[in-house]
Amino acid sequence: MLLPLIDRPFDLPVSLRLAPVTFGPGAVVQVPIEIGRLGARRVLLVTDPGVSASGVAGRVRDLIEASGVITGIYDRVPPEPSVASVEVAFDAWKAGAPDGGSYDAVIGVGGGSALDTAKGVSIRTANDGPVSKYFGVELLPARGVPYVLVPTTAGTGSEMTPSAIFDDTDRQLKAGIVSSRLMAAAAIVDPDLTISCPAHVTAAAGLDALTHALEAYVAVKANPISDMYALEAVRLVGMHLRGSVSRGSDRVARTGQLLASMYGGITIVAAGTGLCHAMAYPLGSAYKVPHGMANALLLPAVIAYNIPGDVAKFARLAEALGEPVAGLSLSEAADRSVEAVRRLSRDVGMPSGLRDVGVPEEALEGFVQGALSASRLITNNPRVPTASGVLEVYRASW
Ligand SMILES: [Fe+2]
């Protein structure tokens, strides 16, 4: 296979500005140590109802309280958090800690929705609302209170990234805040906390992680460092996602999948995502299709559309997903990546098309401009997308 071509300089410290991370089974015991390092006396734990009911949020709270830090819980983070739902979470911050004192740090425990909401609360502690004022790159005026992130799903990679995605329901627009002022004080990444994640959430999150790595691998901003993480993340998803979904208590599969998710987060920072994410956002905003599922439903057709943009890299992706490519031409090998992703998606129980998740065919045309307006992602795609090309991909995914 071909070696990656280095056709422009890349800067390691800038391209890999990441949150400090502790990874591994049992890492959760580090949470109170990290909170102690911040000197926090009262923390607000931000989570969602599912993670709260699973007992994971309570366990983290107990660990923090055992160290003498007063902990309040906000556990009403909705799926696909919005600009408005961040304000509701911020109200819990303003209401103060159980002893009446003021909070001085945030801890996010959960999937991408909870982690991004924790980031949103931190943003609001130092900046006016709504958070949609800061959509874009480096538009955040001030750094908020410090926050620690503890993922309980393997997919988002949000614990690693200086970005947060919110739905602006007024404008039917999902967009991101990317800022060097938006980095976790620490990320505690413990595969044991993902054991209780339900199968359908594990599947959607896992395919989100695959999409991060796959899009970053072929991205315009890809570089040899991001390529290493991306290819390994794709290989890990190919090896461990089916096991994570079909045997939830398989610690080897859960560890491999969470590592893939963390590497996926690193690739977002180092190279960014592309057309699939741009096309997924309007589906999340208008039809509340969960982010990971939206990516999973679009990814095979996006790959097929993008192959002419980088045949050699798609051939290597097919190989990383375990496809037998020996003896095939680059083009034949690249085509195998489409089927490999489609089969993986089917094996973990994803619906087969947008029609199965309540998206009417006549709505597809209306998503095209929304997708193309995500210019940060569109300009990073290996093939310059046209409006007719994007519509064709939506139709093929329906
Ligand atoms: Fe994503």
*Give me the pairs: first residue in the stretch 126-143 and assigned to a helix (DSSP H, G or I), second residue among the acidic types (Asp, Glu) and modelled with pLDDT under 95, beta-carbon distance under 6 Å, and six or more apart or on different chains, which are they?*
Ser132/Asp168
*Exactly one condition in (1) more than 16 Å from the ligand (Cβ to nearest atom); (2) touching a residue at least 24 places away in the same chain (Cβ under 8 Å); (3) open to solvent by 10 Å² or more (accessible area, probe 1.4 Å) is not met by Lys288; state its number.*
(1)
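Of all helices (runs of 4 or more DSSP H) completely enclosed by the stretch 38-123, which ones contain at least 3 residues that are closer than 22 Å to Asp168 by Cβ? Let's see the steps before the verdict.
Working: elements: 49-53, 56-65, 83-95.
Passing ranges, in order: 83-95.
On the given criteria, is Thr153 at pLDDT 95 or above, of a type outside the set (Lys, Arg) and within 16 Å of the ligand (Cβ to nearest atom)? Steps first, answer last, please.
On the way: at pLDDT 95 or above: yes; of a type outside the set (Lys, Arg): yes; within 16 Å of the ligand (Cβ to nearest atom): yes.
So Thr153 fits the description; yes.
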*Which one is modelled with the lowest pLDDT, of the residues in the stretch 126-146 that are among the β-branched types (Val, Ile, Thr) and surrounded by fewer than 22 Cβ atoms within 10 Å (Cβ to Cβ)?*
Val137
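So, in the stretch 238-254, exactly how many residues are open to solvent by less than 40 Å² (accessible area, probe 1.4 Å), part of a helix (DSSP H, G or I) and closer than 15 Å to Leu193 by Cβ?
To start, the set of residues in the stretch 238-254 that are open to solvent by less than 40 Å² (accessible area, probe 1.4 Å) comprises 238, 240-241, 243-245, 248, 250, 253-254.
Pick out the ones that are also part of a helix (DSSP H, G or I) and you get 238, 240-241, 243-245, 253-254.
Those still in the list that are closer than 15 Å to Leu193 by Cβ too: 244, 253-254.
The number of residues fulfilling the criteria is 3.
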*Please indicate, with yes or no, whether at least one residue in the stretch 260-274 is open to solvent by 20 Å² or more (accessible area, probe 1.4 Å), away from the ligand (no atom under 14 Å from the Cβ) and part of a helix (DSSP H, G or I).*
no
*Can you name every residue in the stretch 175-209 that is touching a Pro at 6+ places or on another chain (Cβ under 7 Å) and either within 16 Å of the ligand (Cβ to nearest atom) or in a loop (DSSP other than H, G, I, E, B) (or both)?*
Val178, Ser179, Ser180, Leu182, Met183, Ala185, Asp190, Ala204
*Quick check: anything in the stretch 99-121 surrounded by 18 or more Cβ atoms within 10 Å (Cβ to Cβ) and polar (S, T, N, Q)?*
yes
_Against the conditions (1) outside any helix (DSSP H, G or I); (2) small (Gly, Ala, Ser); (3) within 16 Å of the ligand (Cβ to nearest atom), where does Ala280 fall short? Just the number, please._
(1)
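May I ask you to list the residues in the stretch 345-376 that are assigned to a helix (DSSP H, G or I), open to solvent by less than 60 Å² (accessible area, probe 1.4 Å) and touching a strand residue (DSSP E or B) at 6+ places or on another chain (Cβ under 9 Å)? Steps first, answer last, please.
Going residue by residue through the stretch 345-376, those that are assigned to a helix (DSSP H, G or I) are 345-347, 354-357, 361-372, 375-376.
Right, trim to open to solvent by less than 60 Å² (accessible area, probe 1.4 Å) and you get 345, 354, 357, 363-364, 367-368, 370-372.
Gly370, the sole residue that qualifies.
Please go through the stretch 221-236 and pick out each residue that is open to solvent by 20 Å² or more (accessible area, probe 1.4 Å) and not acidic (Asp, Glu).
Initially, the stretch 221-236 is screened for residues open to solvent by 20 Å² or more (accessible area, probe 1.4 Å), giving 221, 224-225, 228-229, 231-232, 235.
Residues satisfying the conditions are Lys221, Pro224, Ile225, Met228, Tyr229, Leu231, Arg235.
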*Taking the stretch 98-120, which residues are without any contact (Cβ under 8 Å) to a residue 60 or more places away in the chain, more than 16 Å from the ligand (Cβ to nearest atom) and in contact with a Pro (Cβ under 8 Å, 6 or more places away or on another chain)?*
Gly120
_Name the residue that is nearest to the ligand (Cβ to nearest atom), counting only residues in the stretch 159-174 that are closer than 17 Å to Val83 by Cβ and buried (at least 23 other Cβ atoms within 10 Å of the Cβ)._
Ile165
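The values are calculated or read from the model by the stated rules, or taken from the named source; none is laboratory data. Please read all numbers here as calculations on a predicted model, not as lab measurements. Positions of Cβ are backbone-derived with ideal geometry, glycine not excepted, and every protein chain shown enters the neighbour counts. All accessible areas refer to the heavy atoms of the entire protein, side chains included, with ligands and DNA or RNA removed. Shrake-Rupley method; radii C 1.70, N 1.55, O 1.52, S 1.80 Å.
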